[in-house]
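The values are calculated or read from the model by the stated rules, or taken from the named source; none is laboratory data. The structure displayed is predicted, hence computed values, not measured ones. We place every Cβ from the backbone using ideal geometry, glycine too, and count neighbours over all the protein chains shown. Accessible surface is based on the protein model in full, side chains and every heavy atom, while ligands, DNA and RNA are left aside. Shrake-Rupley method; radii C 1.70, N 1.55, O 1.52, S 1.80 Å.
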Amino acid sequence: QAWFFPAGKTPVSLISRLAHSPMSSAHSPKSSERSPLSGGGDSHDGYPNIDRGGGCDIGQMGTVPLLAEEIQIDDHDASVVFIFPRDEEAGGEVDAKASKDDPQAEARKIFFRWDNPVFYPARLTIFDELEAVEEERVSEGEYQDLVRKMFLAIVQAGGCTASSSSSIDDDEVFLKVAMPGTEARLGEIAEYYRYRMPVRDEVWVETTKRQPFENDEGLSVPVYLEYNKDTAHMVQDFRQIDEIRLIMKWLSERVNVEEMLKQKVIVRMFPACNYNQMLELAAGWASLRSPHLAANYDDVELVRGYFGEHIGFFFLWFASYKKGLALLAMASFVAWIAKRVAIALDSTLIRPWLPLFFVIYLVLWVVGFNELFKRKSARFRQKWGMKDWNSQQANTLPSFDRKMEGTTAGDFWRMMAQAVTGIYITTFAVAILGIAIINGEMRLNDDMRLAAVQPYIVSVLMKVCSFVWSKVAFNIVKWENHRTRQRFDDSLAWTLASVKLFVAIFPFVQLAFLEPSLNETCKASLIKAALAVYSATGWPLGTLPLTLGISALNGTATDGTNLTESDLSFLEGYTSTTDKHVCISGCYPIKCKQGDSQNNGFTCLDICADNLDTQLMTYYGLQVVSAVVFLLIPIVLTKAAVVTEMVKVSGHPGSTFVAVLRSLAGFPFSRVKTTGGTYSLLQYQAKCHGSSPYEYGSWGGSFVEDFLDIAIGYSLLACFSQLKPMMVAIGTGSYFIIYRILAYRMLNVTCRPWPNGSESIGVWQEIMDSIATIAVTCNVALCTFVMEPIKHWPLETKLLFFILAEKGLFSLRSLICAMLKDQPDDVTRIYDQMDESAKVLTIPPLVASPKAHDFSRVNIGLAACLSETSDDASDAD
């Protein structure tokens, strides 16, 4: 058990050397006799090097934003990091003496292709060794030692280099895996997986005598070729993210690393950070102090080069969204100015119709933004060489069961997942409506107990349902047996968004459209109904009962004047009459202005519109606050974990709690010089991974959760901002802040995510299109049933207006979508030219045929021929 016990207590072997040397290195053997993927290969001058963004010198010291102390920069020769725990005796968490149940079955879960020798460098001797001791008890230490030895053999067969070092408190082993900068092995793996690489500009110009392609946005577009030995000299150097992808593609076909985590053979694995690239990103894109709030294309390229295209497309969309919001904010400001001018001029003709013009612009903006981003996405997909990536280069998940594909059982579980989603949404809606109906019945009987707590019950129910679904959805998506991570994430996004968007939007829909009828107040007369409504809050501002000093409790003024129905003329349009009751709408007026022609001389703000304004404004404020909170929590957790470990080995005389507080305040954790070892960058990154990894359900956020939060805000803005256009300006400011917070968190707090490729934002584009469809209907409904002056029209006229306006806007949307094709003409043109150019670069021109036929008797001249001749005939002669 060389990995578990302190050095010097076990025989010297490859495992023991790797585990216990301060900075040992194991390089792959070179053998030109091996097949392309049987093991490490010879170096070839034609293969490109690996561009890791400039590695740091060994032993170099540097700083990170979360720590005041300098740390050792140890990212050299590191692309992927695996962390192995040590034995409990050495301070680790592995009980090496414990008995291992069914070790062969457990090992087969890790080496899941154990019965296919093609994927392994040699026969899996681990099963022979386990079988040899099958009659005896196999300990956890013996089992892990064999598994780790086999894992190292597979890494070595991949042509990788490996180096190890101990953690600062010696309870873990860090294994750094990389490809040598001049090795041909990475090229062999790239060739095997048909990995595409961009052609060098100078090669392109020299070969084709043409300048590189440029799209209509002025962006240079390289040609991409499938990598092989013939094209190796033409393409650019491998980037570190290419190296990480190819290493993991090699390993994922042979080792189930998720099972290794589950069995605690490893405790963590992550792509190694690159300190120089981090400094470049921190100087601008991720700086909280940067004066440039808007991201540019250079920033997006830096993000893509470090985090991969998957994250790159997210921040490309976010940057485009911010710019689009700026245009919408300007329109909302114009609408606000126009409204103020109409009020000053007391224009009853123009003022009621101003919101309608803003609605038309809002719908056009929503549709236009979605369609324009599709075109932008197509241009960047071409520029980044991501065409057909999801089908060609995505890794297959170890959990994917090929036997379930196309079977009745597989279809059943997919239908079950969809059914559970539909049932959950229906249950939530029924619960919300049930509370409203019960409240209405209680109000009819003068029982206001539920009315007083209904908003709080609904809010709690929303939070609980949203939280429960976030836990349930992940497991439901597992039922669907997805082959790739991209498909799994897309399904998770749809499953989460369908419920969470409904949960977020439904309370606003209820306030706008259902509240008037569900919570109306009905009494025997209009006066009794008005007293029941306003007894707690008093009469609305600007109304006659308030001016006359009439009490809202008993309907009598101090001078004895009694309330009459004519005093309640401001309620016209808010009442309905049945055989026995007069009912006041649940959206009753709370503030009125006299003098307009509508509503018997009154223009009123009702409580529903006011609550919608307040809730929308509160939402964007809470989004900023939550973004800050969810940034601070992982910072505190990471600092506490790092400082606790440093205090443990430093001989620090004070308490750990005080040291953590000092670190949180930005000071070194100790006032005196400590004697412990030096903390390293990869150890710091490991603590980031432990407290805030970039994965679903963690403090570090995830692609799905980050996009979902923004999508909810986008949906509320697209559907309800006409009620308060200036909320767009507030939302724009909040998203500029949130963008910076997410950038800072991604680089400095969250452990570097896997740099996955992607063709676009994926399923989120479909979700945004669905939101655009909902926004059209919602905005027309608000104009018809909530906003002045149409809400006071007869019901038949309102319904006719709603149908015609909705159909008109949908027709306009279809026209815009037809005009703005998803793939722009310049992208199609460049693809066509790329196909022709690829032949020039990779296929040599055909030379003259070595066999020259006799054409002496073939006549195709202008003069008539006596007889027909042919080449075949001449050959026969």
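Could you go through the stretch 277-298 and let me know if any residue there is of a type outside the set (Ser, Thr, Tyr) and either closer than 30 Å to Asp401 by Cα or in contact with a strand residue (DSSP E or B) (Cβ under 7 Å, 6 or more places away or on another chain) (or both).
So far as the stretch 277-298 goes, no, none of its residues is of a type outside the set (Ser, Thr, Tyr) and either closer than 30 Å to Asp401 by Cα or in contact with a strand residue (DSSP E or B) (Cβ under 7 Å, 6 or more places away or on another chain) (or both).
Which members of the stretch 767-780 meet the condition of being in contact with a helix residue (DSSP H, G or I) (Cβ under 8 Å, 6 or more places away or on another chain), open to solvent by 10 Å² or more (accessible area, probe 1.4 Å) and within 26 Å of Met386 (Cα to Cα)?
Hit for the stretch 767-780 is Asp769, nothing else.
Taking the options Leu261, Leu246, name whichever one is more than 17 Å from Asn756 (Cα to Cα), at pLDDT 90 or above and in contact with a strand residue (DSSP E or B) (Cβ under 9 Å, 6 or more places away or on another chain).
Details: Leu246 fails: more than 17 Å from Asn756 (Cα to Cα).
After applying the criteria, what remains is Leu261.
Which ones in the stretch 254-285 are small (Gly, Ala, Ser) and open to solvent by 20 Å² or more (accessible area, probe 1.4 Å)?
Hits for the stretch 254-285 are Ala282, Ala283, Gly284.
Here is a list: Val203, Val221. Which entry is open to solvent by 10 Å² or more (accessible area, probe 1.4 Å) and in contact (Cβ under 8 Å) with a residue 12 or more places away in the chain?
Being open to solvent by 10 Å² or more (accessible area, probe 1.4 Å) and in contact (Cβ under 8 Å) with a residue 12 or more places away in the chain holds for just one of Val203, Val221, which is Val203.
Just to verify a result, which residue in the stretch 206-218, among those that are part of a loop (DSSP other than H, G, I, E, B) and open to solvent by less than 50 Å² (accessible area, probe 1.4 Å), is modelled with the highest pLDDT?
Asn215
Can you spot a residue in the stretch 703-720 that is within 19 Å of Asn390 (Cα to Cα), touching a residue at least 40 places away in the same chain (Cβ under 8 Å) and either outside any helix (DSSP H, G or I) or open to solvent by 10 Å² or more (accessible area, probe 1.4 Å) (or both)?
Initially, the stretch 703-720 is screened for residues within 19 Å of Asn390 (Cα to Cα), giving 703-704.
Now restrict to residues that are touching a residue at least 40 places away in the same chain (Cβ under 8 Å): 703-704.
The next check asks that each one be either outside any helix (DSSP H, G or I) or open to solvent by 10 Å² or more (accessible area, probe 1.4 Å) (or both); those that pass are 703.
Scanning the stretch 703-720, I find at least one residue that is within 19 Å of Asn390 (Cα to Cα), touching a residue at least 40 places away in the same chain (Cβ under 8 Å) and either outside any helix (DSSP H, G or I) or open to solvent by 10 Å² or more (accessible area, probe 1.4 Å) (or both), so the answer is yes.
If I filter the stretch 465-515 down to residues being aliphatic (A, V, I, L, M) and open to solvent by 30 Å² or more (accessible area, probe 1.4 Å), which single residue comes out as farthest from Pro755 (Cα to Cα)?
Among residues in the stretch 465-515 that are aliphatic (A, V, I, L, M) and open to solvent by 30 Å² or more (accessible area, probe 1.4 Å), the one farthest from Pro755 (Cα to Cα) is Leu514.
Test Arg245 against the criterion of being of a type in the set (D, E, K, R), within 35 Å of the chain's Cα centre (by Cα) and either part of a strand (DSSP E or B) or buried (at least 20 other Cβ atoms within 10 Å of the Cβ) (or both), and give yes or no. Full working, then the answer.
Values: of a type in the set (D, E, K, R): yes; within 35 Å of the chain's Cα centre (by Cα): yes; either part of a strand (DSSP E or B) or buried (at least 20 other Cβ atoms within 10 Å of the Cβ) (or both): yes.
Against the criterion (of a type in the set (D, E, K, R), within 35 Å of the chain's Cα centre (by Cα) and either part of a strand (DSSP E or B) or buried (at least 20 other Cβ atoms within 10 Å of the Cβ) (or both)), Arg245 qualifies.
Hey, can you tell me all the residues within the stretch 282-325 that are at pLDDT 90 or above and part of a loop (DSSP other than H, G, I, E, B)?
Matches in the stretch 282-325: Gly308 only.
Out of the residues in the stretch 164-194 that are among the charged types (D, E, K, R) and crowded, with 22+ Cβ neighbours inside 10 Å, which is farthest from Pro85 (Cα to Cα)?
Selected residue: Glu188.
Name the residue that is farthest from Leu518 (Cα to Cα), counting only residues in the stretch 528-578 that are without any contact (Cβ under 8 Å) to a residue 24 or more places away in the chain and of a type in the set (Val, Ile, Thr).
Filtering first and then ranking leaves Thr558.
Pull up the stretch 420-430, narrow it to residues that are surrounded by fewer than 13 Cβ atoms within 10 Å (Cβ to Cβ) and over 25 Å from the mean Cα position of the chain (by Cα), then point me to the one that is nearest to Phe488 (Cα to Cα).
Ile423
With the structure loaded, tell me whether Leu175 is in a strand (DSSP E or B), under 35 Å from the mean Cα position of the chain (by Cα), under 24 Å from Trp389 (Cα atoms) and of a type outside the set (Gly, Ala, Ser) or whether it fails that test.
On the way: in a strand (DSSP E or B): yes; under 35 Å from the mean Cα position of the chain (by Cα): yes; under 24 Å from Trp389 (Cα atoms): no; of a type outside the set (Gly, Ala, Ser): yes.
Taking the combined requirement at face value, the residue does not satisfy it.
Please go through the stretch 632-648 and pick out each residue that is open to solvent by less than 60 Å² (accessible area, probe 1.4 Å) and more than 22 Å from the chain's Cα centre (by Cα).
Matches in the stretch 632-648: Thr638, Lys639, Ala640, Ala641, Val642, Val643, Glu645, Met646, Val647.
Which one of the conditions (1) touching a residue at least 60 places away in the same chain (Cβ under 8 Å); (2) open to solvent by less than 10 Å² (accessible area, probe 1.4 Å); (3) in contact with a Phe, Trp or Tyr (Cβ under 7 Å, 6 or more places away or on another chain) does Tyr227 fail to meet, given that it meets all the rest?
(1) is the only condition that Tyr227 fails.
Are any of the residues in the stretch 792-800 over 19 Å from Cys719 (Cβ atoms), in a loop (DSSP other than H, G, I, E, B) and in contact with a helix residue (DSSP H, G or I) (Cβ under 9 Å, 6 or more places away or on another chain)?
For the stretch 792-800, residues over 19 Å from Cys719 (Cβ atoms), in a loop (DSSP other than H, G, I, E, B) and in contact with a helix residue (DSSP H, G or I) (Cβ under 9 Å, 6 or more places away or on another chain): present.
So which residues in the stretch 722-757 are crowded, with 22+ Cβ neighbours inside 10 Å, outside any helix (DSSP H, G or I) and among the hydrophobic types (A, V, I, L, M, F, W, C), if there are any at all?
Cys751
Among the residues of the stretch 575-588, are any of a type outside the set (Phe, Trp, Tyr), in a helix (DSSP H, G or I), open to solvent by less than 30 Å² (accessible area, probe 1.4 Å) and at negative phi?
Scanning the stretch 575-588, I find no residue that is of a type outside the set (Phe, Trp, Tyr), in a helix (DSSP H, G or I), open to solvent by less than 30 Å² (accessible area, probe 1.4 Å) and at negative phi, so the answer is no.
Can you find a residue in the stretch 800-820 that is at pLDDT below 90, under 30 Å from Tyr227 (Cα atoms) and surrounded by 11 or more Cβ atoms within 10 Å (Cβ to Cβ)?
no
Sort out which residues of the stretch 533-573 are under 53 Å from the mean Cα position of the chain (by Cα), at pLDDT below 85 and of a type in the set (Ser, Thr, Tyr), and write them in order of number.
Passing the criteria: Ser535, Thr537.
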